[in-house]
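Visitor: Provided herewith is a single structure, encoded as structure tokens, for subsequent inquiry.
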Amino acid sequence: MGKIFRLVLIVIFFAACESSDERTTRFFNLGNQALTKGDYIQAIEYYNQSLKETPNYAQALNNRGVARIESDHPYEAILDYNKAIQIEPQYLDALFNRAYAYEEIGQFENSLNDVETIQSITTDSAFVYFYQGLVQTKMRQYDAALLSFQQADSLQPLNPETLINTASIYYFLEKYDTAASIVNSALELSGNDANAYNLLSLIELKNQNYEAALAEINRALDVVPGEPYFLNNRGFIHLQMDNLDLAIEDINRSIVLNPKNGWAYRNKGIYKMLNEDYEGALNLFDRAIKSAEFIDELYYYQGLTFFRQGETEKACKAWQKGVEQKEISSQRIMDQNCG
């Protein structure tokens, strides 16, 4: 018992010898170590101690924001980034992190505003334009996203990731041949890219080449086994092929691996619709909508479920929302069924 008592006294003695600045730095460094290890709760506690000593420590506020968003508290993270930016208005890390946090909660306009601020500070960053394109894609601002990706490519030519995302814009615009050509150019550069195979799979699916689509998504999963978005996409292919048992197996596994994947809830809703469980389908579509993700054809399938129940008015309202979200499939089916 005496040993423990003396040890505590020694720790208190050394702590008392530290200056406030030294305690600020020590707790900040401990927070960084915990953050690197993925111990986000402990990291937050250390940053709290650092900020107790120095409340206007912008770096600690920013890093606490990172720990908070990693522990699924994006709104609290935004508050930290706000404070950090108030202290240092041109703090690029905090601006980028806040843009990402806004994107996470579906506040895309705010995210773009931060990106524009970053662009005013650093004008020649390919990544800034690339990220801008990603947010614009989620907002379905396809023409603007295409310009952003082209600007990124001009600053950093022949980047496979930029090419694949450029191809995705042509995919959403239903220009599948152009999309496939760009993806294949990316593969020539990268050699073996799971995202490229995934996009080729989606293109083949749109062309109703189901076996080819399945082969491409399996190539993606060979590169990144168990990737939840790829599993979900394979499930969607199985839905189109009427392999419902295989479809739900992949979709459920995707949800287990990533419970926040709104695309998987959309696909599970389609599975429910095909099994005539319309109430279950609509509940899943609502859950996907609440995820605030960019999810294509979500309102199309929600409307189709209402339509299959004979609720044409509700179907047309859903498709109208899809049209507002620039869902080409919703526009097409609405023109056919809604006066």
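Visitor: Out of region 63-113, which residues are small (Gly, Ala, Ser) and part of a helix (DSSP H, G or I)? Spell out the reasoning first.
Guide: Initially, region 63-113 is screened for residues small (Gly, Ala, Ser), giving 65, 67, 71, 77, 84, 94, 99, 101, 106, 111.
Those that are small (Gly, Ala, Ser) and part of a helix (DSSP H, G or I): GLY65, ALA67, ALA77, ALA84, ALA94, ALA99, ALA101, SER111.
Visitor: Another question, then. Looking only at region 260-280, count every residue that is open to solvent by 20 Å² or more (accessible area, probe 1.4 Å) and at pLDDT 95 or above and tell me the total.
Guide: Filtering region 260-280 down to residues open to solvent by 20 Å² or more (accessible area, probe 1.4 Å) leaves 260, 263, 268, 271-272, 274-279.
Restricting the remaining residues to those that are at pLDDT 95 or above gives 263, 268, 271-272, 274-279.
So the count comes out to 10.
Visitor: Across region 103-137, which residue is surrounded by the fewest Cβ atoms within 10 Å (Cβ to Cβ) among those that are hydroxyl-bearing (Ser, Thr, Tyr) and under 19 Å from GLY262 (Cβ atoms)? Give the steps one after another, and end with the answer.
Guide: Initial filter on region 103-137 (hydroxyl-bearing (Ser, Thr, Tyr)): 111, 117, 120, 122-123, 125, 129, 131, 137.
Subsequent filtering for residues that are under 19 Å from GLY262 (Cβ atoms) retains 111, 137.
On the way: SER111: 25, THR137: 21.
Per the criteria, the residue is THR137.
Visitor: Among TYR100, TYR46, which is the only one that is closer than 30 Å to GLY262 by Cα and either at pLDDT 95 or above or open to solvent by 40 Å² or more (accessible area, probe 1.4 Å) (or both)?
Guide: TYR100
Visitor: Against the conditions (1) within 19 Å of ASP296 (Cβ to Cβ); (2) without any contact (Cβ under 8 Å) to a residue 12 or more places away in the chain; (3) of a type outside the set (Ser, Thr, Tyr), where does VAL183 fall short? Just the number, please.
Guide: The failed condition is (2).
Visitor: Which of the residues belonging to region 66-95 are farther than 15 Å from ILE44 by Cβ and surrounded by fewer than 20 Cβ atoms within 10 Å (Cβ to Cβ)?
Guide: Passing the criteria: ASN82, GLN86, ILE87, GLU88, PRO89, GLN90, LEU92, ASP93.
Visitor: Further question: Of everything in region 290-339, what is at pLDDT below 95, farther than 23 Å from GLU174 by Cα and either hydrophobic (A, V, I, L, M, F, W, C) or in a helix (DSSP H, G or I) (or both)? Give them in sequence order.
Guide: Passing the criteria: LYS290, ALA292.
The values are calculated or read from the model by the stated rules, or taken from the named source; none is laboratory data. Keep in mind that what you see is a predicted model, and the values were worked out from it rather than measured. Quick reminder, even Gly has a Cβ in these numbers, built from the backbone with ideal geometry, and neighbours come from all protein chains shown. These accessible areas exclude ligands, DNA and RNA; they are computed on the full protein's heavy atoms, side chains included. Shrake-Rupley method; radii C 1.70, N 1.55, O 1.52, S 1.80 Å.
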